[in-house]
1. For the chain, which semi-axes, largest first and in whole Å, follow from the square roots of 5 times the eigenvalues of its Cα gyration tensor?
2. If the chain between residue 77 and residue 185 were fully stretched, how many nm would it gain, using 0.36 nm times the residue separation less the Cα-Cα distance?
3. As a test, work out the antiparallel percent of DSSP beta bridges whose residues both lie in the chain, rounded to the nearest 5.
4. How far, in nm, would the chain grow between residue 27 and residue 212 when pulled straight, counting 0.36 nm per residue and subtracting the alpha carbon separation?
5. Given the Cα-Cα distance of residue 40 and residue 137 and 0.36 nm per residue of separation, how much length would full extension add, in nm?
6. What distance in nm lies between label points placed 7 Å from Cα along the C-beta direction at residue 148 and residue 52?
7. Arrange the following residues from fewest to most other Cβ atoms within 10 Å of their Cβ: 93, 59.
8. Taking the Cα centre of each part, how many Å lie between region 105-147 and region 27-52?
Ligand code: GRF
C-alpha cells in the first residue's frame, strides 16, 4: 500500500511530531509526512522537521480564525495531504478546514492528541488541570477533530495514575512518553481508514471510532 500523505500542524516544541516522524522512519507507520506547518515562526517543531528534511511552512497566527485557516488550506494545497495530524497545534480549527478534510464516509480526516482522558479536562493544559483538580488518574486521548473543542470521536486512550505526583510538571513527564507511543500506534490504523464508526448515544450525536 502507498504511504498515506499527512501534514503535521504544530505550534511548539514538537516532541509528538518527532515521535511520529521516527515511527515513519522505522516503518511502524505507513505514512509520508509531506509538510510540517506551524503558526509560530520559531518553534522546536520547525527545527526538528528541517533536520529531518521535511518541508516546513509557517502560516503566522492571526486572530481571524477563518482567514488563517484559508491560508492554511492554500499553503497545503500543493502538498496534497490526505490527513492533517495536529501535534500540539494551539489553535481552534474552523469548520471550513474540517470540511476540507471530511471523508465521503462522513468523518473528519483531522486527528488530534489531547493530554487528558476526554471528556475530562478539555481545552488548554490538560495535565495541569488534572493535577490541580486532584484527579488520581488521568491520561491521553487521540481523537478525530470536530468543531467543538476536544469533542470529536475518540479513537484511542490510555490512562495512568497521578496519585503520587507532586506537580503538574511531574504529570506531564509521565504523560509525554505515553503520547509518543500512543499517537503513532493509533495513527497506524486511523490512516488506513479501516475503522468502524459507532453511534452509541441516542441522546446526542456522539460517535466512537473502533479499529476493525
Ligand atoms: C502535548 O502534550 C499534546 O498532547 C498537547 O500539546 C503538547 C504538545 O507537545 N496537545 P509537543 O509540542 O508535541 O512536544
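1. 25, 21, 18
2. Length gained, residue 77 through residue 185: 36.2 nm.
3. Working: 17 of 34 bridges.
Counting only bridges with both partners in the chain, antiparallel ones make up about 50 percent.
4. Roughly 64.5 nm would be gained on extension.
5. On the way: separation 97, 0.36 × 97 = 34.92 nm, distance 3.24 nm.
Additional length available on full extension: 31.7 nm.
6. Modelled inter-label distance: 3.3 nm.
7. In increasing order of surrounding Cβ atoms, one gets 59, 93.
8. Spelled out, the Cα-based centre of one part sits 22 Å from the other.
Bear in mind these aren't lab numbers, they're just calculated from the coordinates by the rules spelled out. Everything numeric in this text was worked out from a predicted model, so none of it was measured. So basically every Cβ, Gly included, is an ideal-geometry build from the backbone, and we count neighbours across all protein chains shown.
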